[in-house]
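Quick note: the coordinates plus some simple rules give every number you see, no bench work behind them. Remember, it's a predicted structure, so these values are computed and weren't measured experimentally. All Cβ positions, glycine included, derive from the backbone under ideal geometry; neighbour counts span all protein chains shown.
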């Protein structure tokens with residue numbers, strides 16, 4: 001029976017907050033039980049998916065179907081070809097989406113969802129390997145499946161123990177566990193991940209900083225013997241808040257920031273760059289990913305850094321670009 005947390009006299013605010021915390025804690029506890037319940041069967045399921053000749057076809061009805069769609073998207077996004085098959089549509093012609101070499105992953109809390117029978121029977125005739133995710137071993141899915149991953153029998157967060165809540169959280173977590181484990185078994189690299197995510201925040205975070213940096217023509221550089229009035233002019237004319245100091249070979253040997261100017265205010269009219277600069281400056285390798293570069297700038301408590309090609313044996317410290325933290329935030333990182 002539902003809890004009464006709102007009446008004509010208003011909302012029981014403390015009760016609503018307590019209820020929300022209760023649901024989250026109940027589902028968190030269920031996830032802990034799921035983690036402890038995983039065994040060699042999980043490894044077998046991962047191995048079956050890894051060695052599939054073609055794709056993972058994932059199916060489920062109702063709320064399990066919504067979770068199945070998400071799991072299919074997660075597999076596809078992490079290097080394992082996958083698709084969602086609606087079990088009701090399957091019986092009306094979509095069974096052809098299952099072919100030899102596929103693995104069928106079936107989600108059903110009860111394991112006895114009627115619409116799944118046609119899918120299971122067809123997959124069995126094809127010789128398709130079937131993995132079931134269910135809460136009951138004595139079930140239709142269990143009878144057809146080669147591998148059964150059984151979820152802990154924990155009550156739903158619904159007060160009436162009916163609305164799919166805890167059970168779908170467990171399905172989602174187990175699907176993520178399968179996808180991540182198989183991804184690691186495949187050895188999917190960040191480069192491969194970027195190829196699967198050419199757009200959006202993930203794609204941006206996996207973009208090499210060399211593709212986002214300001215190029216050589218915008219670099220605020222001076223020599224070690226440049227007078228400070230000219231250095232200040234370079235800093236002012238650029239929008240990065242610093243100037244890089246290079247030696248005769250064009251290698252970065254120091255930087256001068258607003259902080260350096262303040263610390264040496266009394267000698268700015270007569271000093272040269274080498275007398276004011278901060279030596280051994282922090283720099284970013286050109287192959288560093290944008291997400292890592294943002295973290296590096298934040299952790300270093302600096303707003304900008306020069307980009308160098310550390311793979312260049314002759315000029316590993318020569319600036320080839322510059323990146324400002326505001327540029328990364330503007331692109332949508334953060």
Scoring the chain by relative contact order with C-alpha pairs under 8 Å, at least six apart, yields a percentage of 13 percent
In Å, the C-alpha Rg and Dmax of the range 209-331 are 13.9, 41
Ranked on Cβ counts within 10 Å of their own Cβ, fewest leading, 43, 307 go 43, 307
Check: C-alpha center the range 288-328 vs C-alpha center the range 120-160, spacing in Å is 50 Å
Tilt, helix 290-300 to longest principal axis of the chain (alpha-carbon atoms), in degrees rounded to tens, equals 60 degrees
Longest principal axis of the chain (C-alpha) makes with the long axis of helix 40-50 (C-alpha) an angle, in degrees to the nearest 10, of 70 degrees
So the angle from the long Cα axis of helix 13-37 to the longest Cα principal axis of the chain, reported in degrees to the nearest 10, equals 80 degrees
Listed with the fewest Cβ neighbours within 10 Å leading, 331, 326 appear as 326, 331
